[in-house]
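Right, one structure below, let's go through it.
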Amino acid sequence: EESMDPKKVKGKIVFCKLAVGGVDSVVKALGGIGTIVESDLFLDTAQIFMAPATMVNSSKGKSITAYIHSTR
């Protein structure tokens with residue numbers, strides 16, 4: 001499990017791979033403005049998030065990861 005640096009999270013939309021539920025609340029508590037969660041679980045059901053968030057599958061997650069690594 002990696003910890004998030006509040007200085008890097010504050011004011012940002014954070015991309016995470018789902019390990020445990022509640023990652024959206026953790027990002028919000030650290031000052032993040034939203035979360036994109038990568039998961040291949042539960043994509044066919046509506047999710048309730050406690051902070052602005054959305055879920056994407058691993059295929060879309062790979063595209064997001066490639067973009068993140070291609071830019072500052």
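Out of 31, 21, report the one residue that is within 13 Å of the chain's Cα centre (by Cα) and part of a loop (DSSP other than H, G, I, E, B). After applying the criteria, what remains is 21. Here residue 22 meets each of (1) on the phi > 0 side of the Ramachandran plot; (2) at pLDDT 85 or above; (3) not hydrophobic (A, V, I, L, M, F, W, C) with one exception, condition (2). In the set (1) part of a helix (DSSP H, G or I); (2) among the small types (Gly, Ala, Ser); (3) open to solvent by 90 Å² or more (accessible area, probe 1.4 Å), the condition left unmet by residue 3 is number (1). Only one entry in 40, 44 is modelled with pLDDT under 90 and either touching a helix residue (DSSP H, G or I) at 6+ places or on another chain (Cβ under 8 Å) or basic (Lys, Arg) (or both), namely 40. Per this entry, residue 36 is counted among residues that are open to solvent by 40 Å² or more (accessible area, probe 1.4 Å), β-branched (Val, Ile, Thr) and within 11 Å of the chain's Cα centre (by Cα).
Filtering region 59-72 to residues that are closer than 21 Å to residue 8 by Cα and in contact (Cβ under 8 Å) with a residue 12 or more places away in the chain leaves 61, 64, 65, 68.
Results for (1) in contact (Cβ under 8 Å) with a residue 40 or more places away in the chain; (2) open to solvent by less than 40 Å² (accessible area, probe 1.4 Å); (3) among the polar types (S, T, N, Q); (4) in contact with a Cys (Cβ under 7 Å, 6 or more places away or on another chain), shown as yes or no for each residue.
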| residue | (1), (2), (3), (4) |
| --- | --- |
| 28 | no, no, no, no |
| 41 | no, no, no, no |
| 46 | no, no, no, no |
| 51 | no, yes, no, no |
| 57 | no, no, yes, no |
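Selection of region 6-19 for residues being open to solvent by less than 70 Å² (accessible area, probe 1.4 Å), of a type in the set (A, V, I, L, M) and at pLDDT 90 or above yields 9, 14. Being under 13 Å from the mean Cα position of the chain (by Cα), of a type outside the set (Ser, Thr, Tyr) and under 19 Å from residue 5 (Cβ atoms) is a description that does not apply to residue 56.
The values are calculated or read from the model by the stated rules, or taken from the named source; none is laboratory data. Computed from a predicted structure; not experimentally measured. So basically every Cβ, Gly included, is an ideal-geometry build from the backbone, and we count neighbours across all protein chains shown. All accessible areas refer to the heavy atoms of the entire protein, side chains included, with ligands and DNA or RNA removed. Shrake-Rupley method; radii C 1.70, N 1.55, O 1.52, S 1.80 Å.
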